[in-house]
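Engineer: First the structure, then my questions, so here it is.
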Amino acid sequence: MLRLRKTGTVDMGRSSGKGKGADGGRPREGGESLAGGHGDWARAWEVSRRKAVAVIDCRQEIPCNPCETACSKGAIRVGEDICALPVSDPEACDGCGRCVAVCPGMAVFLLDRRAGGGMAAVTVPYEMGEEPRAGEEARAVDGEGKELGKGKILKVTAAGGTAATKLVTLEVPEEWALKVRGVRLREIFIEEAEEVEGYRGAGDCIVCRCEEIVRSEVEETAGHGFRSLAALRRASRVGLGYCQGRFCLEPLRRELAEKSGRTVEELGFGSPRPPLRPVRLSRLGGGDVRDT
Amino acid sequence: MVAGEEVTIFVDGRRVTARAGEPVAAALYAAGIRTTRFSRRRGEARGPFCMVGRCTECVMTVDGVENVRTCTTPVRDGMRVETPGGRRHGPSGA
Ligand code: SF4
Ligand code: SF4
Ligand code: FES
């Protein structure tokens, strides 16, 4: 069978539904996500009233399964198809946190609502230099690195993963419990406008790896008044390479939005068509099914 | 094939020891080879970037087949891996 389905999903920023787009895992909105989705968040949410459970927010169908192999309870299943999204079984999970520590995408966290009182304990991995300490305050951040607020560190453990990975358990209000993806021990000022500008001005960088287009070229082309992403792509070839814009389309839309004064929504999306990655013609003809 | 067993692959003719089951890109990395191809427009050295089969930075010619993503292709004993268009940065290529 062709393996296009597993690896070929390109969402290109259309973040409706089960977003598995090229956005690197944007957090779903807390409430609405409870309706289900992979890993069954609704069940995890219920079970977390009785015990700590793993919640998985893995969206990109990448070849990866450490979460499955780390779990001694068989509570996470990726299965034969290594690109499939992991599915968790909150009943089988004992909240050991091994999956949280090993996931290279920081896509798993533990949720524990036993304490009640509108508060939840969320356990996330931490790999920065500073020492998180129980009893101190830390900043909870969401999947985009935006600060949600402060919470008290309840516990710090060094469970599995690489030697440097620590698991930090933070007490947060239930409303944000499903949005927390990381902790920060101090404030980071990179959001300050001048700093971002300074960083941007630091030099040219590749925007589109496949077609080798650098930022200044995009800026120049965008400056010609293109009103749609499609036009920008035709004019510059940006995003038209092998990878079909998996890595560049989002930054491009933002750049073009800034230049054209339109919103990213107005600019539209690319229109990737199958096959979504280089495929040998013989495979399409049914001749050779090796995944080369 | 037993996972972890030593196998030999040939990278631009050079003998490289790899572990059965690992991706070609991992074997190259372990052997100190960081360059998988040279970009067409600027001729820059490129190497694995995403390591999960999405970006195509790691494509090489494998057993005569062009544009194979080495990060998601497991090594096989005797496999021939070649830099597309040839190595331009000397025989070690690292
Ligand atoms: S927390 Fe432990 S038991 Fe639960 S899914 Fe993760 S590894 Fe398995
Ligand atoms: S280890 Fe993390 S990134 Fe990999 S499949 Fe599991 S949840 Fe997804
Ligand atoms: S490193 Fe990105 S496709 Fe192989």
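The values are calculated or read from the model by the stated rules, or taken from the named source; none is laboratory data. These numbers come from a predicted model, not from an experiment. Here the Cβ positions follow ideal geometry from the backbone for every residue, glycine too, while neighbour counts run over all protein chains shown. Only protein heavy atoms, including side chains, enter the accessible area calculation; ligands, DNA and RNA are left aside. Shrake-Rupley method; radii C 1.70, N 1.55, O 1.52, S 1.80 Å.
Engineer: Given the criteria surrounded by fewer than 17 Cβ atoms within 10 Å (Cβ to Cβ) and modelled with pLDDT of 85 or more, does B:Arg80 qualify?
Structural biologist: Taking the combined requirement at face value, the residue satisfies it.
Engineer: May I ask you to list the residues in region A:230-274 that are within 14 Å of chain B (Cβ to nearest Cβ), among the hydroxyl-bearing types (Ser, Thr, Tyr) and more than 12 Å from A:Val218 (Cβ to Cβ)?
Structural biologist: A:Tyr242
Engineer: Looking at A:Gly79, is it more than 8 Å from ligand 2 (Cβ to nearest atom) and under 26 Å from A:Arg113 (Cα atoms)?
Structural biologist: Taking the combined requirement at face value, the residue does not satisfy it.
Engineer: For region A:42-64, which residues satisfy the criterion of being under 15 Å from A:Val100 (Cβ atoms) and within 14 Å of chain B (Cβ to nearest Cβ)?
Structural biologist: A:Cys58, A:Cys64
Engineer: While we're looking at this one, here's another question. Across region A:95-122, what is the total count of residues that are loosely packed, with under 15 Cβ neighbours inside 10 Å and either within 14 Å of chain B (Cβ to nearest Cβ) or near ligand 1 (Cβ under 8 Å from one of its atoms) (or both)?
Structural biologist: Residues flagged as loosely packed, with under 15 Cβ neighbours inside 10 Å and either within 14 Å of chain B (Cβ to nearest Cβ) or near ligand 1 (Cβ under 8 Å from one of its atoms) (or both) within region A:95-122 amount to 1.
Engineer: If A:Val78 passes every condition in (1) free of Cβ contacts under 8 Å to residues at least 24 places away in the same chain; (2) more than 20 Å from the chain's Cα centre (by Cα) but one, which one does it miss?
Structural biologist: All conditions pass for A:Val78, except number (2).
Engineer: Would you tally the residues in region A:216-243 being under 16 Å from A:Phe269 (Cβ atoms) and either of a type outside the set (Phe, Trp, Tyr) or within 16 Å of ligand 2 (Cβ to nearest atom) (or both)?
Structural biologist: 12
Engineer: Same structure again: Every residue in region A:86-113 that is more than 18 Å from A:Ala158 (Cα to Cα) and within 15 Å of ligand 2 (Cβ to nearest atom), please.
Structural biologist: A:Pro86, A:Val87, A:Ser88, A:Asp89, A:Pro90, A:Cys93
Engineer: Kindly provide the set of residues from region B:13-44 that are closer than 16 Å to B:Val59 by Cβ, within 13 Å of the chain's Cα centre (by Cα) and open to solvent by less than 60 Å² (accessible area, probe 1.4 Å), ordered by number.
Structural biologist: Of everything in region B:13-44, those that are closer than 16 Å to B:Val59 by Cβ, within 13 Å of the chain's Cα centre (by Cα) and open to solvent by less than 60 Å² (accessible area, probe 1.4 Å) turn out to be B:Pro23, B:Val24, B:Ala25, B:Ala26, B:Ala27, B:Leu28, B:Ile33, B:Thr35, B:Thr36, B:Arg37, B:Phe38.
Engineer: Follow-up question, since we're still on this one. I'd like to verify a number: residues in region A:41-62 that are more than 16 Å from ligand 3 (Cβ to nearest atom) and under 18 Å from A:Gly143 (Cα atoms), how many?
Structural biologist: Of the residues in that region, 7 qualify.
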